[in-house]
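In what follows, a structure is listed as structure tokens, so that the remarks can point back to it.
The values are calculated or read from the model by the stated rules, or taken from the named source; none is laboratory data. Since we're looking at a predicted model, the values are computed, not measured. Cβ coordinates were reconstructed from backbone atoms using ideal geometry, including for glycine residues, and neighbour counts include every protein chain displayed.
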Amino acid sequence: MIIKRILNTLFLFATLFSFSQQNLYTSFSIPDNLKQNANAVVRDDVTSIVLESSQSMLVTEKRIVTVLNKEGNDAVNAYLHYDKNVNIKTLEVLVYDNFGKVIKKIKEKDFRDVSAVDGGTLYSDSRVKYLEYTPIKYPYTIEFNSEYETNNTAFINSFFPVTEYFLSVENSSYTLSFPEELTIRKKEKNIEGYKISVDLTSTKIHYSIKNVSGIKPEDYSPNFSDIVPKVMFASKQFSLKGVNSEVENWNEFGTWMYHDLIKSTHDLSEGTIIKIQELVKNEPDNIAKAKKIYQYVQDKVRYISVQVGIGGWQPFNASEVDRLGYGDCKGLTNYTMALLNAVGIESNYSVVFAGDSQRSLEKDFAAMQGNHVILNIPNNDEDIWLECTSQKLPFGFIGDFTDDRDVLVITPEGGKIQHTKKYIPEESLQTIKGICDISNDGSIKAMVNVNSKGIQYDNKYWLETETERDLDVYYKRRWKYINNMSINSMSIENDKNTIELIENINFQAVNYTKKVGERMLVNLNVLNRNTHIPDRYRSRKLPLKINRGFKDVDEVEINLPPDYNIESLPKGQSLETDFGSYTTEISVIDNSKIKYKRTFIINDGEFPKEDYAAFRTFYKQVSKLDNAKVALIKK
């Protein structure tokens, strides 16, 4: 009787376990709270990493994702990057319909297998296998199983359960096993407030998380990586491409990178060295020489996009880039560095997280981080930063791709965390000067000069190479509040020495003003009206972050129609907030001319979520004041 009872209990547990597992493959079993703000739900994600030694690692993952709609397809993440150092043991996908029935099985041979890089044989070893699947209907569920082994132990995957917005997580777990002789370091980020279980022993680290609702993006919020839970790992002892190393801090990390990955690649031919030395021999100083070499690189080579970590961490030899005329960020930066070195100019290979979100490297956790490489030239108190992948950016200008963030600068003496150039609002300056003529019939003619610097230059420098037709479309969109606009002339000057973009535009438009009987209403802000009002959130969840500030200064003369006099004139206005300021000055030169001055400043910074409403109100006030009108009456 006891044996029968035990068997019945075991059978019950097995049935419940089977039923529980089956429930992972149908959307019916997803808790309601996980369907909110979700395009997809991670039902179960089990990652197991076994560091067998400092020279061998086995990575296994089983990931079950229910996709609720077409916007959730990207959350499947069924792909695997590989090269000759990665041995794929398992790669397969099972597709389930909404009732949990298998409708498709995809084996490794059925995955798309393509080069991770287009256009360059240097990176032919970098490949990716990915799932190419078009669903018949939604919801559906994907089970992705992968297992691979590698001798590159420098890269240990993080515990990163929430990988994007609108993604909920039902269960996610991570286990890292390792021998006692290895020293594992870890860093936890943003784990407060989440249901996370942690189990630590001398040879195993285990994290798991449950029931994480999807996060809805909000304008002006911090980086995604700064709001979701993540645990990073690194082994003090590791191997990369057969080279054994030990690293605990950024100084040691930089020493390893320079001496093991970079130093040996500076193999320019004697002919190239002589050519570069001859190129700069008449330049007066090192900065002038560096400018000449930067222009030489921009004219000679083309960029191939290969993200750091896909194409490896070691740059290709400078001689190869010199011979072939192309390279990725690592190759082009290293090539520029080698050319500068050939004429005795110090420069440093620097690793960064690139992108306009201003993501920084973790300054207190030395590990494989970053997705891009730039070049640092020490220059007293203000270092020069070079974006070596661009054929258009001026010397010493990096823009919003790599500005204002912590990066790793690698020197022969070691690595150090430094901060890239931050463009304060006064540096990101747009100055507009204009003369506008209003006719008796309400039409307008305008002559406009726009000078842009800093990040405002970065937003526009590409205009220099646009066609006249595309520019016509661009300016009509830029001044979208002016109907029936015709562009009469336009010229663009990109001054790379002063790093300024100068635009001169002449346009006209009919029916600019509003006529009511004997009166005419004229909007004073002809050339730079704020039409942006941040989105409203009834219950703001995330802090307010303004990544970059700017300053606009406008000065416009408005010649009034000859048959009208000024009846009433709006007063100048002034607003002052923590987020920025706004002032206008309106003065009558004579009865036929008005001068309109406007200064609008936005400050960068981080603020609590409770301040968002006031920030939005400030923008609404600016938009309202930008629509101030002068009333004219017929003589």
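Here are the numbers:
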{"quantity": "Residue list for the range 451-487, restricted to those being free of Cβ contacts under 8 Å to residues at least 24 places away in the same chain and part of a strand (DSSP E or B)", "calculated": "S486, I487"}
{"quantity": "Within the range 272-298, considering residues that are over 32 Å from the mean Cα position of the chain (by Cα) and hydrophobic (A, V, I, L, M, F, W, C), the one farthest from V321 (Cα to Cα)", "calculated": "V280"}
{"quantity": "Matching entry among D535, D626, D552, D611 (being closer than 23 Å to G454 by Cα, in contact (Cβ under 8 Å) with a residue 40 or more places away in the chain, assigned by TED's automatic domain parsing to the domain that holds K453 and of a type in the set (D, E))", "calculated": "D552"}
{"quantity": "In the range 343-357, residue nearest to I287 (Cα to Cα) [restricted to those that are surrounded by fewer than 21 Cβ atoms within 10 Å (Cβ to Cβ) and either touching a residue at least 60 places away in the same chain (Cβ under 8 Å) or not assigned by TED's automatic domain parsing to the domain that holds C388 (or both)]", "calculated": "V343"}
{"quantity": "Considering residues of the range 144-180 that are among the small types (G, A, S) and closer than 27 Å to K105 by Cα only, the residue surrounded by the fewest Cβ atoms within 10 Å (Cβ to Cβ)", "calculated": "S173"}
{"quantity": "Among (1) part of a loop (DSSP other than H, G, I, E, B); (2) surrounded by 18 or more Cβ atoms within 10 Å (Cβ to Cβ); (3) at negative phi; (4) touching a residue at least 60 places away in the same chain (Cβ under 8 Å) - the single one G312 does not satisfy", "calculated": "(3)"}
{"quantity": "Matching residues, the range 491-525, being of a type in the set (A, V, I, L, M), under 33 Å from the mean Cα position of the chain (by Cα) and assigned to a loop (DSSP other than H, G, I, E, B)", "calculated": "I499"}
{"quantity": "Residues (touching a strand residue (DSSP E or B) at 6+ places or on another chain (Cβ under 8 Å) and among the β-branched types (V, I, T)) located in the range 549-591", "calculated": "V553, V556, I558, I566, T583, T584, I586, V588, I589"}
{"quantity": "Residues satisfying the stated conditions in the range 283-299, i.e. surrounded by 14 or more Cβ atoms within 10 Å (Cβ to Cβ) and either more than 11 Å from S347 (Cβ to Cβ) or among the hydroxyl-bearing types (S, T, Y) (or both)", "calculated": "E283, I287, K289, K291, K292, Y294, Q295, Y296, V297, Q298"}
{"quantity": "Wholly enclosed strands (runs of 3 or more DSSP E) of the range 542-635 bearing at least 1 residues exposed (fewer than 15 other Cβ atoms within 10 Å of the Cβ)", "calculated": "564-568, 574-576, 580-590, 593-602, 605-607, 629-634"}
{"quantity": "Selected residue (only one of K210, K204 is closer than 27 Å to T150 by Cα, charged (D, E, K, R), exposed (fewer than 15 other Cβ atoms within 10 Å of the Cβ) and at pLDDT 95 or above)", "calculated": "K204"}
{"quantity": "Contacts under 8 angstrom Cβ, first residue in the range 162-183 being over 17 Å from N69 (Cα atoms), partner of a type in the set (D, E, K, R) and surrounded by 21 or more Cβ atoms within 10 Å (Cβ to Cβ), 6 or more apart", "calculated": "E170/R43; N171/R43; N171/D45; S172/D45; S173/D45"}
{"quantity": "Residue ranges of strands (runs of 3 or more DSSP E) in the range 345-411 with at least 1 members modelled with pLDDT of 95 or more and touching a Cys at 6+ places or on another chain (Cβ under 6 Å)", "calculated": "372-377"}
{"quantity": "Residue identified as closer than 19 Å to D458 by Cβ and in the same structural domain as G572 (by TED's automatic domain parsing) among N525, N494", "calculated": "N494"}
{"quantity": "Considering residues of the range 380-397 that are surrounded by fewer than 19 Cβ atoms within 10 Å (Cβ to Cβ) and in contact with a Ser or Thr (Cβ under 9 Å, 6 or more places away or on another chain) only, the residue farthest from G355 (Cα to Cα)", "calculated": "D383"}
{"quantity": "Strands (runs of 3 or more DSSP E) fully within the range 26-132 counting 2 or more residues that are surrounded by fewer than 16 Cβ atoms within 10 Å (Cβ to Cβ), among the basic types (K, R) and assigned by TED's automatic domain parsing to the domain that holds K236", "calculated": "102-106"}
{"quantity": "The range 135-163 - residue that is farther than 25 Å from D199 by Cα and aliphatic (A, V, I, L, M) and, of those, farthest from the chain's Cα centre (by Cα)", "calculated": "I136"}
{"quantity": "The listed residue being at pLDDT 90 or above, touching a helix residue (DSSP H, G or I) at 6+ places or on another chain (Cβ under 6 Å) and under 29 Å from S235 (Cα atoms), out of L80, L91", "calculated": "L91"}
{"quantity": "Test: residue in the range 617-634 that is within 25 Å of the chain's Cα centre (by Cα) and not aromatic (F, W, Y)", "calculated": "no"}
{"quantity": "Residue, farthest from V67 (Cα to Cα), within the range 185-201, restricted to residues that are surrounded by fewer than 17 Cβ atoms within 10 Å (Cβ to Cβ) and not charged (D, E, K, R)", "calculated": "T201"}
{"quantity": "Residues satisfying the stated conditions in the range 474-520, i.e. surrounded by fewer than 13 Cβ atoms within 10 Å (Cβ to Cβ) and β-branched (V, I, T)", "calculated": "T498, V516"}
{"quantity": "Every residue from the range 341-351 that is more than 11 Å from N376 (Cβ to Cβ) and not small (G, A, S)", "calculated": "N341, V343, I345"}
{"quantity": "Residues of the range 585-604 classified as of a type outside the set (D, E) and free of Cβ contacts under 8 Å to residues at least 60 places away in the same chain, total", "calculated": "9"}
{"quantity": "Residues that are small (G, A, S), within 25 Å of P543 (Cβ to Cβ) and crowded, with 18+ Cβ neighbours inside 10 Å, drawn from the range 214-242", "calculated": "G214, S221"}
{"quantity": "All positions within the range 425-436 that are among the hydrophobic types (A, V, I, L, M, F, W, C) and in contact with a helix residue (DSSP H, G or I) (Cβ under 8 Å, 6 or more places away or on another chain)", "calculated": "L429"}
